[in-house]
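K.L.:
Sharing a structure with you now.
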Amino acid sequence: MITIYHNPRCSKSREGLHLLELEGRPFTVVKYIDEGITKEELTRIITMLGIKPIELVRQKEKVWIDNFKNRQLTDNNVIDAMVSHPNLIERPVVVNGNKAVIARPAQRIKQIL
């Protein structure tokens, strides 16, 4: 099953959603800003992406700058920050089975379809 972690207020996320709609395959939308995301789910996504947690952080967000920038953080601390402040998560993220991409640009979604 394909899942898109989507923020409707983000143009890049809307582009990813539109691409999935055009593909015509079934998919699930997770509005993680409203619904939240568990630490386990986020950790699983980061593992599938094959990146360090800090690489999924939107480091220009005010909450990051005010609360986390220039601090010594473990990977666990970074994940906790994203769970507590889901707007820090880069978007959109699309998962298909055991593969995932940060869909920036949206065409990257096709790599995992």
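The values are calculated or read from the model by the stated rules, or taken from the named source; none is laboratory data. For clarity, every value in this text was computed on a predicted model and none was experimentally measured. No Cβ is skipped: glycine too gets one built from the backbone with ideal geometry, and neighbour counts run over all protein chains shown.
K.L.:
Answer with yes or no whether I65 is under 17 Å from P86 (Cα atoms) and either in contact with a Leu (Cβ under 9 Å, 6 or more places away or on another chain) or at pLDDT below 95 (or both).
P.N.:
no
K.L.:
Please identify the pairs in which a residue from region 67-83 that is farther than 14 Å from I37 by Cβ has its Cβ atom under 7 Å from the Cβ atom of a residue that is of a type in the set (K, R), counting only partners at least 6 apart or on another chain.
P.N.:
D75/K52
K.L.:
Hey, another quick one. Within the bounds of region 18-30, is there any residue that is under 13 Å from V93 (Cβ atoms), aromatic (F, W, Y) and over 12 Å from the mean Cα position of the chain (by Cα)?
P.N.:
The answer is yes; a qualifying residue exists.
K.L.:
Ok, one more. Is there any pair linking a residue in region 98-113 that is loosely packed, with under 13 Cβ neighbours inside 10 Å to one that is in a strand (DSSP E or B) and β-branched (V, I, T), with Cβ under 7 Å and at least six apart or on different chains, and which?
P.N.:
These pairs meet every condition: Q111/V101.
K.L.:
While we're looking at this one, here's another question. Looking only at helices (runs of 4 or more DSSP H) that lie completely in region 32-113, which have at least 1 residues being touching a helix residue (DSSP H, G or I) at 6+ places or on another chain (Cβ under 9 Å) and within 18 Å of S11 (Cα to Cα)?
P.N.:
32-35
K.L.:
Sticking with this one: Looking only at region 1-31, which residues are part of a helix (DSSP H, G or I) and within 19 Å of N87 (Cα to Cα)?
P.N.:
S11, K12, S13, R14, E15, G16, L17
K.L.:
Scan T38, T47 and give me the residue that is polar (S, T, N, Q) and free of Cβ contacts under 8 Å to residues at least 24 places away in the same chain.
P.N.:
T47 is the lone residue from the list that is polar (S, T, N, Q) and free of Cβ contacts under 8 Å to residues at least 24 places away in the same chain.
K.L.:
Does I46 qualify as being surrounded by 14 or more Cβ atoms within 10 Å (Cβ to Cβ) and touching a Pro at 6+ places or on another chain (Cβ under 7 Å)?
P.N.:
Yes, satisfied.
K.L.:
Restricting region 1-40 to residues that are surrounded by fewer than 16 Cβ atoms within 10 Å (Cβ to Cβ) and of a type in the set (D, E), which is nearest to I112 (Cα to Cα)?
P.N.:
So the residue we want is E23.
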